[in-house]
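Novice: Can you read through this structure? Questions will come right after.
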Amino acid sequence: MGRKDEYQFDYLEDNVRFADQINGALFHGRQIVKPEELLPDESQMVSIGEGAGTSKTIVDKVRIWKGKKLHILAVENQNYVDYQMVLRNMFSESIGYRKQWKRKRRTHEGKHDLQNRDEYLSGMKKEEKFTPIITLVVYFGIGGSWDGARCLHDLLEIEDELKEYVTNYRLNLYDCHEHDTFVEYRTGLRQVFEAVRYAEDKKKLKEVMEENREAYSRIDSDTRNMLEVVANIKIPEKCKVVEAGKEGYDMCKAFEDMRQEGYEEGIEKGIRILIQVYQELGISRDVIMEKCAEKYGITEENAREYVEELNI
């Protein structure tokens, strides 16, 4: 997996976040899945395609919950919609069910307890059931909403009168761009989705951060890493805070620092242009600094510092 994949799957290794993702996306915030009810299960790696450059690997995060298998597939790339995701999911779940059947068959072969031809050829008993597999696809793209297929019928050239005869398969897809609030999440996932949702609308993101300033002022280190890789938001070490013995990061301060840096870069660029123009007009250095201070609403001393730093 690539760096983005690794961060996302490591982030969901925590049962509290895993349960929060399932509850938020599938159950609209109702606390149906409890972290303490989750048991580990092996991740599934499935290669799709043959030949150089065509192979694709699925690696999912898996937990067992009350006899049900829960999968989370994160779509890793920031601007990437996988138009064959429906097929990936179908294949992944089919492999999962087939693995369950193989385990049953091996058990029966060891016990020699299949009693008739049908059971023997099926490799299982009539009354046996499989563990249901629930797969959730989480889209972290900052380039816009998911515009790919959401069910098998979307991928088929098929007449309406034939659809009832072609088995459909539907994605459980969570796309944060289709939501305006994320109150259904109780962990750092809320901040991650808010940041991705409003990554290209800094004014709205600032409003969201102000409304929930307490949470954004205490971002945990794992959420900090997620924000950097999926939303391209960097929270430097200087924004680290320690409260009650717990370390966190102040995203509000980081955001304000970025805005200030951008503002200062704009001033520097503007001063360079003004100085060049005024110098060509033969205006003195003192008058230039006075004009710069007036133009950008700063003191003449600040203007002098900018000029000296720029070696002009």
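A short reminder: the numbers here are calculations on the coordinates, not readings from a lab. What you are looking at is a predicted structure, and each value in this text was computed from that prediction instead of being measured. Neighbour counts run over all protein chains shown; Cβ positions are idealised from the backbone, glycine included.
Novice: How much length is gained if the chain between Ile64 and Asp14 is pulled fully straight, taking 0.36 nm per residue apart and subtracting their Cα-Cα distance, in nm to one decimal?
Specialist: Separation in residues times 0.36 nm, less the Cα-Cα distance, equals 16.6 nm.
Novice: What distance in nm separates the two pseudo spin-label positions at Glu228 and Val183, each 7 Å out from Cα along the beta-carbon direction?
Specialist: Reported label-point gap for Glu228 and Val183 is 3.3 nm.
Novice: Give me, ordered by chain and number, the residues 5 or more places off Val138 or on other chains with an amide H under 5 Å from its own placed amide H.
Specialist: For Val138, whose amide H was placed from the backbone, the distant partners under 5 Å are Leu73, Ala74, Val75, Tyr174.
Novice: Taking the beta-carbon count within 10 Å as an exposure proxy, list Asp82, Asp113 from fewest neighbours to most.
Specialist: Sorted ascending by nearby Cβ count, the order is Asp113, Asp82.
Novice: Here is a further query. How fast does region 3-255 diffuse by Stokes-Einstein, in µm²/s, taking the Kirkwood radius from C-alpha pairs at 20 °C and 1.002 mPa s?
Specialist: Estimated via Stokes-Einstein, D reaches 105 µm²/s.
Novice: For Glu127, put the label point 7 Å out on the Cα→Cβ axis and report which residues of region 88-111 keep their amide N under 19 Å from it.
Specialist: 104-105, 107-109, 111
Novice: Return the FRET efficiency for the residue pair Arg170, Lys102: r is the Cβ-Cβ distance, R0 is 30 Å, and the value is rounded to the nearest 0.05.
Specialist: 0.70
Novice: Moving on to the next point. If you project the alpha carbons of region 155-204 onto the principal axes, what extent comes out on each, in Å, largest first?
Specialist: Extents along the principal axes, in whole Å: 48, 23, 12.
Novice: Viscosity 1.567 mPa s, temperature 4 °C: give me the Stokes-Einstein translational D for region 88-207 in µm²/s, with Rh taken as the Kirkwood radius over C-alpha pairs.
Specialist: 70
Novice: Between Ile32 and Asp113, what's the calculated FRET efficiency when r is the beta-carbon distance and R0 is 35 Å? Round to 0.05.
Specialist: 0.45
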